[in-house]
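This report concerns only the one structure given below.
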């Protein structure tokens, strides 16, 4: 079974997404500290979505198939990682609406990245 689902690729994708998100958030934080730009939630949503999109693109390019499935699992796994880390490091509660919004962003970004990753491999 050369095209079987590999959980190791999903875990790598989650780590890649987390790495991209940390680097981009750090860069955005530095930009905020040296400029007068206001902090905005849409920028964090873009960082969040781009990180998942890029990770799904990279992983599904390696996998060669099942782009939608890998992308969905990478997005879902990243959300779970975010919720776990938020629960460990912060005592405040996050709203269900915000969780739902992030879940939709993650699943859409992961799906699109997964599909593009498989398509770019074939072309």
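Values as computed for the structure displayed
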read-out	value
Failed condition for residue 102, given (1) loosely packed, with under 11 Cβ neighbours inside 10 Å; (2) closer than 16 Å to residue 17 by Cβ	(1)
Test for residue 88: is it free of Cβ contacts under 8 Å to residues at least 12 places away in the same chain and out of contact with any helix residue (DSSP H, G or I) (no Cβ under 8 Å at 6 or more places or on another chain)	yes
Residues being part of a helix (DSSP H, G or I) and either closer than 12 Å to residue 13 by Cα or touching a residue at least 24 places away in the same chain (Cβ under 8 Å) (or both) - total across segment 32-81	32
Residue match in segment 58-66 (condition: over 26 Å from residue 115 (Cα atoms) and touching a helix residue (DSSP H, G or I) at 6+ places or on another chain (Cβ under 9 Å))	no
Count of segment 52-104 residues which are modelled with pLDDT of 85 or more and on the phi > 0 side of the Ramachandran plot	1
Single unsatisfied condition, residue 28 versus (1) more than 22 Å from residue 101 (Cβ to Cβ); (2) in contact with a helix residue (DSSP H, G or I) (Cβ under 8 Å, 6 or more places away or on another chain); (3) at pLDDT below 95	(1)
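The values are calculated or read from the model by the stated rules, or taken from the named source; none is laboratory data. Computed from a predicted model, the values in this text were never measured in an experiment. FYI the Cβ positions are ideal-geometry reconstructions off the backbone, even for glycines, and counts take in every protein chain you see.
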